[in-house]
Every structure is written in structure tokens, then in C-alpha cells.
Amino acid sequence: MELQGGNNSGRIIIDPRSGFCSSNSIFYSKRKPHSLPPNHSLDVTTFISSCSHHGRIAFIDASTGRHITYQQLWRSVEAVTCSLSNTGIRKGDVILILSPNSIYFAVVCLSVLSLGAIITTTNPLNTIHEITKQIADSKPVLAFTTTPLAPKITGASPTLPIILMESEDNSSNTVEKMMKKEPELSKVRERVNQDDIATLLYSSGTTGASKGVISSHKNLIGMVQNKMAMFGKEQEKRGQTFICTVPMFHIYGLAVFATGLLALGSTIVVISKFEMHDMLSSIEKFRASFLPVVPPILVAMLNNADAIKSKYDLSSLHSMFSGGAPLSKEVIEGFIEKFPNVTILQGYGLTETSGVGASTNCFEESRKYGTAGLLSSSTEAMIVDIDTAQPLAINQTGELWLRGPTIMKGYLSNEEATKSTLTSEGWLKTGDICYIDSDGYLFVVDRLKELIKYKGYQVPPAELEALLLTHHAILDAAVIPYPNKEAGQIPMAYVVRKAGSNISEKQVMDFVAGQVAPYKRIRKVTFISSIPKNPSGKILRKDLIKLATAKL
């Protein structure tokens with residue numbers, strides 16, 4: 001295979017089997033490339049709405065059965081867009097969404113994006129303290145939320161205007177009511193370009209405290225194109241129905257359910273809060289064919305397979321897509337044995353890559369156990385030696401760097417973090433230790449980054465360590481990931497007591513639990529005489545992980 005141009009002038013010779021080019025050490029995607037739309041003045045909402053398909057129903061509320069057709073969806077988006085424009089929302093304004101999954105979530109996202117305003121989302125489990133920090137950083141001018149969650153917004157920012165998603169109070173201004181208004185021919189809107197900022201989602205990046213990831217309309221359009229490539233062929237054959245259990249406030253849910261699948265005309269059954277029974281009964285009731293999940297859900301289905309099969313009719317389900325953390329070969333093989341008609345697809349992505357980087361897209365690719373898949377369309381990769389920063393070849397393990405149309409613009413108001421994560425040539429340093437094999441498949445081996453993955457949620461140890469150090473009885477602390485069969489990993493704390501202190505394990509856990517979202521809670525505590533650190537004072541987390549897991 002030959003390409004013109006690239007980093008080196010002239011021809012680039014690419015090995016068709018692996019996608020590797022030995023002259024520049026770049027791995028090129030083996031998937032059919034896609035070109036971004038030539039019209040630079042294009043927002044992602046317009047791009048999605050212009051995609052042709054034969055879909056009829058866009059969203060179904062699993063609990064009530066209420067649904068939105070595609071015709072209603074685009075009329076509603078136009079109505080909400082006009083309402084927002086008439087209330088003064090302009091290009092560049094930041095809009096906060098604090099909401100569980102809802103059939104209205106995508107309507108709000110698409111309306112905000114069509115104005116050139118910027119979406120920032122936050123986890124409904126987050127505390128007022130955590131939401132206050134995000135509001136201070138992102139500076140939203142308006143918030144969308146639900147009645148039960150509204151006190152968190154007012155507690156974090158008393159003057160921030162709120163629009164409720166839905167409400168029983170007839171006097172309230174709600175998304176539901178905005179959707180029913182006749183779209184007005186409003187003032188001429190500002191032109192939105194592909195390079196304009198679209199989303200500001202918060203990620204811990206490779207280390208440390210949460211940072212605002214700046215993604216453009218171009219990034220999201222590239223992401224939608226990848227979703228179309230991933231799910232498109234099956235969608236054409238079957239007209240798929242997806243179950244939405246993954247949070248829409250997270251890049252995984254936003255990319256798949258609030259944007260990507262709408263370009264294909266898929267039907268999305270929305271579950272507002274994950275419950276295993278609700279998910280399984282919805283598959284049966286709505287004859288769902290595709291189930292995107294995080295690994296703990298798949299593991300729970302495997303562990304309870306016999307009881308599930310005797311109680312629910314899952315015969316319509318033909319594919320599951322797992323993202324957020326790698327699945328082991330044992331889990332995949334065990335699942336296939338219990339559910340032989342279901343294909344397990346996997347993917348790898350970060351908030352910084354708009355939720356996509358590599359994936360397995362079909363049954364044949366899924367047979368390559370343990371892989372995160374082939375590089376996404378138009379995505380390039382390098383495997384870089386951790387110590388020397390020299391690029392490596394096929395089957396050599398190092399840090400994964402990615403480049404392509406879905407890579408973020410940078411971190412909000414954090415030049416230092418942006419410079420340490422993005423190179424001048426556009427490479428994103430993922431912080432993940434990987435290799436790419438001779439067939440072009442990506443394998444994630446370990447994490448350079450220190451994030452703990454609890455049930456697919458990202459838990460930054462540095463945040464919990466800073467919190468522990470505010471306790472009057474704690475001299476020093478370190479937080480590490482501890483293996484857990486159900487959650488994947490749990491946050492475990494090593495704590496050094498101050499002289500004379502007899503603080504207990506329970507007191508440490510309760511202290512943290514009162515100040516963070518449930519998924520960030522410390523779930524195991526060990527007391528230690530001192531925290532091992534290198535000469536520069538950095539915690540030797542790997543030593544603590546070895547110590548913690550030595551008896552497993």
C-alpha cells in the first residue's frame with residue numbers, strides 16, 4: 001500500500017497487513033478513510049441531520065414508553081434552538097447539563113451545538129463542592145437539570161439560571177415545553193465553523209485533577225463518521241435498536257447515544273438509571289439488538305447467566321459493545337459460552353480522542369481475543385519507548401500516541417497540561433502502555449496514567465490524596481487501584497497516622513465518603529509507617545500496588 005505525502009515527502013510505503021510504515025514508524029488505520037466535509041462552515045448538528053437514513057423512531061423512554069420520532073426530533077431541536085437564541089444564548093456561551101439519561105438529553109445537546117454554544121456536562125453523583133469547581137472553571141451562563149438535581153446547581157452557583165428538563169409544574173420553563181413551541185424565524189445566527197469549540201467535558205487526563213477537554217465540531221464530526229463506520233453496515237441490514245445504559249454525560253454515552261447513532265437512524269431505548277432488571281426487560285420488551293455497556297455489566301451478566309436466560313427473552317440481542325476498560329480473554333470466552341448468539345465488540349478511546357481510537361467492528365475482528373481493535377478510520381498511531389521517547393515497531397510495547405481528526409484541541413486554561421499531552425506535531429500522548437501486532441490490532445497492556453477505573457468511572461488518586469491530607473489525624477497518604485472482580489478496580493488508601501492518632505479504617509472511609517461522589521469513595525484502607533517516594537517526592541505507586549496485591 002502506498003500513500004502520497006505524510007510527514008516525509010514522496011511516497012510512504014505501508015505494510016498492508018499491519019498498517020505500519022517503517023520509514024516514519026507510524027501505524028496507519030487499515031479501515032477505509034473518511035474525509036471531513038469540505039464545507040468549513042458546518043456544525044455537528046447540521047452534519048448529523050443531513051445524513052440520510054430510513055429510521056423512524058429516534059428515542060424511547062424505557063420506563064414510560066414515550067417516544068420521539070426522527071421528524072419530531074429535528075422539529076424539537078429547531079424549536080429549542082430558537083428559544084435559546086431568543087433568550088440571548090450566543091456562540092461561545094457555555095451551557096451546563098446536569099441530568100441522568102433522558103430522551104430530552106440529545107435534544108438539548110443538538111440545540112446548543114447548532115447555535116455554536118458549548119456543552120459541558122457533569123455527573124449527577126457529583127457533590128456540590130465538585131460541581132462548584134467545574135462551574136468556576138467552565139463559567140456556564142445557563143444550566144439544564146432535573147427537579148431532584150436542581151438544588152445541586154443552586155448550591156454550587158445560586159445565580160446561575162436553570163431550565164428543567166421536564167416538570168409537573170405548569171408554570172416552569174422546561175425543555176418539554178420549549179420542544180412544543182412553534183419554531184420561529186429568529187435573527188440570523190452566527191456562523192459556526194468546524195474548528196469552533198463544541199464540548200468541554202471534564203477528564204483527569206493522564207494524571208491529577210480534573211481538566212476541561214476542549215473538543216471542536218470537527219472532532220465530533222470525525223467521531224460521528226467513526227460511529228457510522230462501526231455500526232453502519234449492521235444498521236442497514238437490521239435497523240437496529242440500542243439500549244442506552246451508558247451515561248450520556250460521559251464521552252462514551254454522548255458520542256454513541258446523543259450524537260453518533262442519530263446519523264444512522266437507529267432507535268435508542270433510554271434507561272435513566274442503570275438497573276440490571278430494567279436493562280434486561282427492556283431488551284425483551286423492545287426487541288433490542290445492540291447493547292453498549294461497561295465491563296462490570298458484562299461480567300455481572302456472565303456471573304448470573306443461567307438465571308438471566310431462564311427469566312428474560314434475549315433472543316433479539318446479537319451484539320454487545322464494551323468500552324471504558326479492557327475485557328479479559330476469560331470473560332469473553334465465558335460469555336460466548338453462555339450467550340453463543342451474541343458477538344462481543346470492544347473499543348478503546350478517551351475523552352481526549354472524542355471517545356474513539358480503536359475498535360472491533362464485526363464478528364471476525366471480535367475473535368482476536370484481548371484486543372481493543374483496529375485503529376479507527378483516518379487515525380494514526382505511534383508506539384513510543386517510555387524512557388527514550390523513540391518510536392517502536394510492530395509487537396513492541398511502549399506508550400501509545402494517537403493523531404487524527406478526533407483529537408482534542410487542548411485543555412481549558414491549562415497550557416502546561418496541554419503542552420505535556422499534545423506534541424507540536426499533533427500527537428496525543430495517551431498515557432497507556434500498548435503494542436500493535438502484525439495484523440494491526442491494538443493491545444492495551446497497562447496504564448502510565450494513574451487513574452483508577454471504578455465501574456468505568458475515572459477516579460484520580462491525586463484528588464483523594466489531597467482530600468485525605470486535610471484530615472487533622474493524617475500525616476501522609478497515597479491512593480492506588482486495587483483489583484475487584486465486580487468493579488474492575490476500587491480506590492485503596494495507604495495512610496500514615498500523625499503521632500498519637502488512632503484514626504480507624506472506617507473513620508478514613510467515612511471522611512472521604514462525605515465529600516465526594518459515591519464512585520470516588522475509598523473502599524479499602526491500610527495503615528503504613530511511611531509512603532514510598534522517589535527523590536523528587538513523587539509517590540512510588542507501583543511499589544504500593546505490588547505490596548497491596550502480593551497476597552492475591
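None of the figures in this text is laboratory data; all of them are computed from the coordinates on show. Computed from a predicted model, the values in this text were never measured in an experiment. A quick note on method: Cβ atoms are made from the backbone with ideal geometry, for glycine too, and the neighbour counts reach across all protein chains shown.
Placing a label point 7 Å from the Cα of Arg447 along the Cα-to-Cβ direction, the residues of the range 271-297 with a backbone N closer than 17 Å are 294-297. Projecting the Cα positions of Ile433, Ala106, Leu291 onto the charge dipole of the chain (unit charges on Cβ atoms of Lys, Arg, Asp and Glu, taken about the Cα centre) puts Leu291 furthest along the positive direction.
Taking a Cβ cut-off of under 9 Å around Tyr202, the surrounding Lys, Arg, Asp and Glu residues balance to a net charge of 0, with basic ones at +1 and acidic ones at -1.
Summary of packing: across the peptides 277-284, 47-54, 88-95, 215-222, the per-residue average of other C-beta atoms within 10 Å ranks them, highest first, as 215-222, 277-284, 88-95, 47-54. Working ranking of peptides 77-87, 521-531 by packing, defined as the average number of other Cβ atoms within 10 Å per residue, highest first, is 77-87, 521-531.
Rounded to the nearest 0.05, the FRET efficiency derived from the C-beta distance between Thr69 and Glu190 at R0 = 35 Å is 0.75.
Can you flag which of Lys218/Lys429; Lys227/Lys309; Lys218/Lys485 are past 28 Å Cα-Cα? Pairs exceeding 28 Å: Lys227/Lys309; Lys218/Lys485. Using C-alpha pairs under 8 Å with a sequence gap of at least 6, the mean separation divided by the residue count of the chain gives a relative contact order of 14 percent.
Annotation: extensible slack from Glu486 through Ala150 equals 117.8 nm (criterion: 0.36 nm per residue apart, minus Cα-Cα distance). Each helix, a run of at least 4 DSSP H residues, gives -39500 (n - 2.57); summed and divided by the residues of the chain, these come to -8000 deg cm²/dmol at 222 nm.
What's the FRET efficiency of His54 with Lys273 using the Cβ-Cβ distance as r and R₀ = 25 Å, to the nearest 0.05?
According to the calculation, E is roughly 0.20.
Order the peptides 442-448, 245-251 from the highest to the lowest mean number of other Cβ atoms within 10 Å of their residues.
The most tightly packed comes first, giving 245-251, 442-448.
Measuring spread by the Cα atoms of the range 454-550 yields a radius of gyration and Dmax of 12.8, 39 Å.
Counting only Cα atoms, the size of the chain along its three principal axes is 68, 60, 54 Å, in decreasing order. With the cut-off at under 13 Å, measuring from each backbone N in the range 506-520 to a point 7 Å along the Cα-to-Cβ line of Leu125 picks out 513, 516-520. Computed from the C-beta positions of Glu176 and Lys338, the FRET efficiency with R₀ = 35 Å rounds to 0.30. Excluding same-chain neighbours fewer than eight residues apart, the lysines reachable from Lys538 by a Cα-Cα span under 16 Å are Lys449.
Rounded, prolate or oblate: which one fits the range 389-530, using the alpha carbon gyration tensor with axes a ≥ b ≥ c (rounded when a/c is under 1.5, else prolate when a/b beats b/c, else oblate)? Prolate, since a/c reaches 1.5 and a/b exceeds b/c. Taking a span of 20 Å or more along the helix axis (Cα atoms) and a mean Kyte-Doolittle hydropathy of at least -0.5 as the rule, the DSSP H helices of the chain that qualify are 70-86.
Site pair Glu425 and Thr470 shows an inter-label distance of 4.3 nm when each label is modelled 7 Å from Cα along Cα→Cβ.
Mind checking which lysines have their C-alpha under 25 Å from Lys180, skipping anything on the same chain fewer than 8 residues away? Candidates past the 8-residue exclusion: Lys91.
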